[in-house]
């Protein structure tokens, strides 16, 4: 058994833990302005699934979110049958432990449970290899998001 688990975020304390990880990784480490890190999809919302990785003692290690339905379509420009994985963040102390891959798989499991056919994401270009190892394929041109170069990627969940 690993010293950490990944689960859907449930309730205000879990959501606060997700936001704390994002603040640490995106706002503090990557200097993303806090006012653009959080958006309307972070409100408790049926079209958003947050996942959380925690140590056995409850310390948050990582998070990610899945947008689905019209929320995903507005983010990715894709049809409503495609989910949008975003805000994937792993604390510095948990990197290299497989937490990020487990979070991606948890988002994919949630997408499958919703009947989605694929998951899209906007990957920071330095992370392309990570997502490629998980079965994602890049498409389209590079673009900036929060001043950081990104590429769109997709993985089909069923054939």
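The values are calculated or read from the model by the stated rules, or taken from the named source; none is laboratory data. Not measured: the values here are computed from a predicted model. Reconstructed Cβ throughout: ideal geometry from the backbone, glycine too, with neighbour counts over all protein chains shown.
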Does segment 105-119 contain any residue that is touching a helix residue (DSSP H, G or I) at 6+ places or on another chain (Cβ under 7 Å) and over 17 Å from residue 30 (Cα atoms)? yes
How about segment 44-58: which of its residues are touching a strand residue (DSSP E or B) at 6+ places or on another chain (Cβ under 8 Å) and either at pLDDT 80 or above or part of a strand (DSSP E or B) (or both)? 48, 49, 50, 51, 52, 53, 54, 55, 56
Starting from residues that are touching a residue at least 40 places away in the same chain (Cβ under 8 Å) and surrounded by fewer than 16 Cβ atoms within 10 Å (Cβ to Cβ), keep the ones in segment 44-57 and report whichever is farthest from residue 99 (Cα to Cα). 56
Among residues belonging to segment 11-43 that are surrounded by 15 or more Cβ atoms within 10 Å (Cβ to Cβ) and not in a helix (DSSP H, G or I), point out the one that is modelled with the lowest pLDDT. 38
Counting only residues that are touching a residue at least 24 places away in the same chain (Cβ under 8 Å) and buried (at least 17 other Cβ atoms within 10 Å of the Cβ), give me the strands (runs of 3 or more DSSP E) lying completely in segment 59-159 with at least 1 of them. 60-67, 82-90, 118-124, 148-156
Which residues, taken from segment 1-10, are over 14 Å from residue 88 (Cβ atoms) and in a loop (DSSP other than H, G, I, E, B)? 1, 2, 3, 10
